[in-house]
Structure formats: C-alpha cells, structure tokens
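What follows is a set of notes on a single structure, which appears directly below.
The values are calculated or read from the model by the stated rules, or taken from the named source; none is laboratory data. Because the structure is a prediction, the values reported are computed rather than measured. Here the Cβ is made from the backbone with ideal geometry for all residues, glycine too, and neighbour counts use every protein chain on show.
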Amino acid sequence: MNSFGVLRGAAVASVFAVAALAHSSADGVVKERMEAMEAMRDAVKRVVPMMSGAAAYDPQAVRAAARVIEAHSGGALTALFPDGAIAPPSEARPRIWTDWARFSALAEELGVAARGLELAAGNGLGGGSAGGMMGAGMMGGGMMGGQTAPGMGMRAEDIGLMPADAAFAMTTQVCSACHDRFRAEDD
C-alpha cells in the first residue's frame, strides 16, 4: 500500500477515536451510532499495521474487519440517523438530513467497498496503488453481476479483484469522504 493510503487509514482510525470519547454522555440512537463508529474504527485500526507492513498480513483478520465495516454500512448506518437525531454529544452535521441522498449513497458505497475488501483479502498486498487495476477497465460496468457503489461506479466483485491494500484504501476513502462532509469537528 502506498504511504498515502496508510496515512488515510490511520487518519480514519483517529477520527473514530475522537467519537469514542463522547460515549459517556450519549444515549439512545446517538449512542448506538457512536458504538457503530467505534466498531468500524477498531476494525480499521486492526488492519492498518498489516497494510503498512508493520504487522504480518493476515487475510482472515482483513476479512473479519471488512465484515464489521459492512455490517455497519448501508441501511444499518442510515437507520442510526433518524431525522433530527443531532443532540449532543452527536458530531453529526445537520447537512446529513439536508443532503440525505449523498449521505445514504456514501453509506451504500461503504458497504460495497467493505464487501470488496472482504473479497480481496485473499489477494494479499499489491505494494503499490490501485491505479493499474482500475485503469484496466474495472471502472464502470465491470465484469460480473453485483451491487454497484453509486459514487465509485464499481461493484464489490470488481474491488475484490484488486490487491487487498487497494481495496482497503477505497474503503477508508469512503469513510473519509463521509466524515469530511457530514461530521462536525468543532465547527
């Protein structure tokens, strides 16, 4: 994995860590979604050292992490954001509800990327970027039937053909895109 992908994964993990600190005063659906974010953060944290070469690569651990992320994506994620559920200590921006189409599309993309990561786990690390694989006709229609991520234009099966580090980078990129747009950071 290139250094940018490792740094992005580490940044995503640290963003999730901040949310964990607020759990003590959260309740209801806000607490539920903070716990879901914490579960995804922990999954990312377990994988980052493998992707950077700091730990031995374990495809089963990557699959397990991908399943955790996928379980908290799509409809499972959007269900944790009922209209107006923004009471402190929530870090959700009101933009979630005014740009629901984009938020829900990112939630779906996360599921597709995580499923792709699970499929790619057995491919090992590529040691580079995903550019070559994506440039080889993987974008858009793809080769097999399956769920397509709305913004990525790729299906889980397409992502599953990539090296695991490229699939991991795509997954954390979706996390970052959602956080950048929909998570308040003292603003």
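What to note about this one:
- Residues located in the range 86-128, provided they are free of Cβ contacts under 8 Å to residues at least 60 places away in the same chain and within 17 Å of Arg181 (Cα to Cα): Ile86, Pro94, Trp97, Thr98, Trp100, Ala101, Ser104, Ala105, Glu108
- Within the range 51-76, residues that are under 14 Å from Ala113 (Cβ atoms) reach partners that are of a type in the set (Ser, Thr, Tyr) and buried (at least 23 other Cβ atoms within 10 Å of the Cβ) with beta carbons closer than 9 Å, at six or more positions or on different chains, in the pairs Ala66/Thr171; Ile69/Thr171.
- Annotation note: of Ala71, Ala66, Ala79, Ala56, the sole residue that is more than 20 Å from His179 (Cβ to Cβ), out of contact with any Pro (no Cβ under 6 Å at 6 or more places or on another chain) and modelled with pLDDT of 95 or more is Ala56.
- From the options Leu125, Leu117, Leu106, residue that is modelled with pLDDT of 95 or more, at negative phi and assigned to a loop (DSSP other than H, G, I, E, B): Leu125
- Qualifying residue in the range 93-102 (condition: outside any helix (DSSP H, G or I), at pLDDT below 95 and touching a His at 6+ places or on another chain (Cβ under 9 Å)): no
- Members of the range 153-187 found to be crowded, with 20+ Cβ neighbours inside 10 Å and of a type in the set (S, T, N, Q), listed by number: Thr171, Thr172
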